[in-house]
Amino acid sequence: MSMREAESAAVVVSSVQRGDRTAVSVVSAALARIEETELRLHAYLHVRREAALAEAARLDHEAPSARAQKPLAGLPVAVKDNLVLAGAPTTAGSKILEGYHPPYTATAVARLQAAGAIVVGKTNLDEFAMGSSTEHSAYGPTKNPWDVARVPGGSSGGSAAAVAAGTAVVALGSDTGGSVRQPAAFCGVVGLKPTYGRVSRYGLVAFASSLDQVGPLARTVSDVALVFQVLAGRDPHDATSVDSPVVGRLATAPSRLAGMRVGLVAEQADQAGPETRQAVAEARLALMDLGADVVDVALPHGRYGIPAYYLVAPAEASSNLARYDGVRYGLRVAGRDVAELYLNTRGAGFGTEVKRRILLGTFALAEGYYDAYYLKAMQARELLAQDYRQAFQAVDVILSPTVPDPAFRLGEKLADPWSMYQSDIMTVGANLTGLPALSLPWRVAASGLPTAVQLTAPWLGEERLLLVAAALEALRPGGEAWPDPLASPGTSGQGGARP
Ligand code: GLN
């Protein structure tokens, strides 16, 4: 039996809560689907077969009244392998963490589990979340379910592919410069990067601590909302977490957005390729149909986003990754003395892209260069924040592309880091400024690949973001229903399913 992948999280949960279906049957179906698709996709680095079934059985034995209290009862979820989960290995896509078994569980994961969700596996990612394609995973790339010759995006490519392929209803990713939204766009799923601090980072393997944020991916806006509600809130283990839980139930799709002011970043839309431009133009018309006022907004310092991000992120990474020394975690390559042990371990354990980032970051922070690079990047970051503050005086939400173009081919950008970095041109702004942003799949283009649009809201504006996204989702071609990439013969590398 395969999972009915068009089912919403709410339907799965309520059927388990009512006892119409057992959690064991739901989780077994997800595991069967993983088995069916994994050879083609490689979305997972670790599948928790026994543990997931045992947890599901435990849930089935709980009193019905206890199960009914759990807002995610029996929901199969996949977790990016840079979020720790006690009892399972965590690699963060790196050889340097091979064999590492964390003794604790990330708060985001623990919250899902406490709500009754069942983690079916840990998903593939670019090493330490550095990348836009999962090709920098030390364990081989994930393939895009719409076309296995293409990348699923990154760094949360495994999570996005897992959801798109219906092997999990929801997945967790992390977004430092676009790593939830860009793979969501490439795989045709919804991805939310919450406000910096709205979801705890405790137990997330640190990449760039002032930018990192945990976020959900799912097939629909309402599924993302359901999970976000469980994730958000203060965590005493993360000093940067904000005391801002979701109050009440998140609204379902409104049929009107009268009075809502939407700002279109016309400059970014113009930079995108034809398929993305069309998606943004259609979304703009849909917003107008809903009664929203759509006006143009400018982010005059937007072009400094990529250079600022690629200084700040590597600078913080060079410091965060100093802890992988061969003594405390995972891999150890011996040497004659401890200095040689560090060198040997880091030389063997880190991949090319991670080494490039450590070098970039160390250089940018070096005495004599600090003012010229790191300080300049921080100034650009502040100017960008001013741009958004200015824009949000005139509008309630910002509409832009998520990515310039649909998913690229495996290998296409691997030899040219600069072109890979350009993938993030429309997503890094939200990270540099801490703002919440969401990627919404728009339509399957003539090429057979999904396109997407991005919505950005002011600080702590997730509720508004989800509201507008739900309204838009209902009006996109096909509405909430979305084609299954694996349902038609498109996974042999020849292009994907057509609607
Ligand atoms: N692609 C970006 C990078 O390589 C963003 C990664 C992320 O958000 N984790 O740094």
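The values are calculated or read from the model by the stated rules, or taken from the named source; none is laboratory data. This structure is a prediction, so every number in the text was calculated from the model and none was measured. Heads up, the Cβs are rebuilt from the backbone with ideal geometry, glycines too, and the neighbour counts pull from every protein chain shown.
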Taking Ser255 as meeting all but one of (1) outside any helix (DSSP H, G or I); (2) under 23 Å from the mean Cα position of the chain (by Cα), write down the number of the exception. (2)
Looking at segment 292-332 only, could you name the residues that are more than 30 Å from Ala430 (Cβ to Cβ), of a type outside the set (Val, Ile, Thr) and either in a helix (DSSP H, G or I) or in contact (Cβ under 8 Å) with a residue 12 or more places away in the chain (or both)? Asp325, Gly326, Tyr329, Gly330, Leu331, Arg332
Being modelled with pLDDT of 95 or more, acidic (Asp, Glu) and within 16 Å of the ligand (Cβ to nearest atom): is that true of Asp235 here? no
Residues of segment 415-441 being among the hydrophobic types (A, V, I, L, M, F, W, C) and either within 13 Å of the ligand (Cβ to nearest atom) or out of contact with any helix residue (DSSP H, G or I) (no Cβ under 8 Å at 6 or more places or on another chain) (or both), which ones? Ala415, Trp418, Met420, Ile425, Met426, Val428, Ala430, Leu432, Ala437
Taking Gly305 as meeting all but one of (1) modelled with pLDDT under 95; (2) buried (at least 20 other Cβ atoms within 10 Å of the Cβ); (3) small (Gly, Ala, Ser), write down the number of the exception. (1)
Answer yes or no: is there a residue in segment 217-228 that is under 22 Å from Val79 (Cβ atoms), within 16 Å of the ligand (Cβ to nearest atom), touching a residue at least 24 places away in the same chain (Cβ under 8 Å) and surrounded by 14 or more Cβ atoms within 10 Å (Cβ to Cβ). yes
Total residues in segment 272-329, condition of a type in the set (A, V, I, L, M, F, W, C) and under 24 Å from Arg381 (Cβ atoms): 13
When residues of segment 134-150 are limited to those that are in contact with a Pro (Cβ under 7 Å, 6 or more places away or on another chain) and touching a residue at least 60 places away in the same chain (Cβ under 8 Å), the one nearest to Ser28 (Cα to Cα): Pro145
For Gln213, the lone unmet condition from (1) touching a Lys or Arg at 6+ places or on another chain (Cβ under 6 Å); (2) within 16 Å of the ligand (Cβ to nearest atom); (3) free of Cβ contacts under 8 Å to residues at least 60 places away in the same chain is (3)
Is one or more of the residues making up segment 133-150 crowded, with 24+ Cβ neighbours inside 10 Å, within 12 Å of the ligand (Cβ to nearest atom) and within 22 Å of Val12 (Cα to Cα)? no
With the requirement that a residue be part of a helix (DSSP H, G or I) and of a type outside the set (S, T, N, Q), what does segment 333-349 give you? Val338, Ala339, Glu340, Leu341, Tyr342, Leu343, Arg346, Gly347, Ala348, Gly349
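Look through segment 475-499, keep the residues that are of a type in the set (A, V, I, L, M) and crowded, with 16+ Cβ neighbours inside 10 Å, and return whichever of them is modelled with the lowest pLDDT. Let's see the steps before the verdict.
Narrowing segment 475-499 to residues of a type in the set (A, V, I, L, M): 475, 481, 486-487, 497.
Cutting the leftovers down to crowded, with 16+ Cβ neighbours inside 10 Å gives us 475, 486, 497.
On the way: Leu475: 94, Leu486: 88, Ala497: 38.
Step by step, filter segment 475-499, then rank; the result is Ala497.
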Within segment 390-407, residues under 19 Å from the mean Cα position of the chain (by Cα) and surrounded by fewer than 23 Cβ atoms within 10 Å (Cβ to Cβ) come out as Pro404, Asp405
Which one is farthest from Lys122 (Cα to Cα) among residues in segment 168-183 that are in a strand (DSSP E or B) and within 9 Å of the ligand (Cβ to nearest atom)? Ser174
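In this structure, does Ala372 turn out to be of a type outside the set (Phe, Trp, Tyr), out of contact with any Asp or Glu (no Cβ under 6 Å at 6 or more places or on another chain) and modelled with pLDDT of 95 or more? Spell out the reasoning first.
Working: of a type outside the set (Phe, Trp, Tyr): yes; out of contact with any Asp or Glu (no Cβ under 6 Å at 6 or more places or on another chain): yes; modelled with pLDDT of 95 or more: no.
Considered against the rule, which asks whether it is of a type outside the set (Phe, Trp, Tyr), out of contact with any Asp or Glu (no Cβ under 6 Å at 6 or more places or on another chain) and modelled with pLDDT of 95 or more, Ala372 comes out as no.
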In segment 353-376, which residues are buried (at least 16 other Cβ atoms within 10 Å of the Cβ) and either farther than 24 Å from Leu125 by Cα or among the acidic types (Asp, Glu) (or both)? Glu353, Ala364, Leu365, Tyr373, Tyr374, Lys376
Can you report the number of residues in segment 338-397 which are out of contact with any Gly (no Cβ under 8 Å at 6 or more places or on another chain), of a type in the set (Ser, Thr, Tyr) and over 23 Å from Ala138 (Cα atoms)? 4
Looking at segment 194-208, which of its residues are within 15 Å of the ligand (Cβ to nearest atom) and touching a Ser or Thr at 6+ places or on another chain (Cβ under 8 Å)? Tyr196, Val199, Arg201, Leu204, Val205, Phe207, Ala208
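For Pro102, are the conditions met, namely being surrounded by fewer than 24 Cβ atoms within 10 Å (Cβ to Cβ), touching an Asp or Glu at 6+ places or on another chain (Cβ under 7 Å) and at pLDDT 95 or above?
Details: surrounded by fewer than 24 Cβ atoms within 10 Å (Cβ to Cβ): yes; touching an Asp or Glu at 6+ places or on another chain (Cβ under 7 Å): no; at pLDDT 95 or above: yes.
Considered against the rule, which asks whether it is surrounded by fewer than 24 Cβ atoms within 10 Å (Cβ to Cβ), touching an Asp or Glu at 6+ places or on another chain (Cβ under 7 Å) and at pLDDT 95 or above, Pro102 comes out as no.
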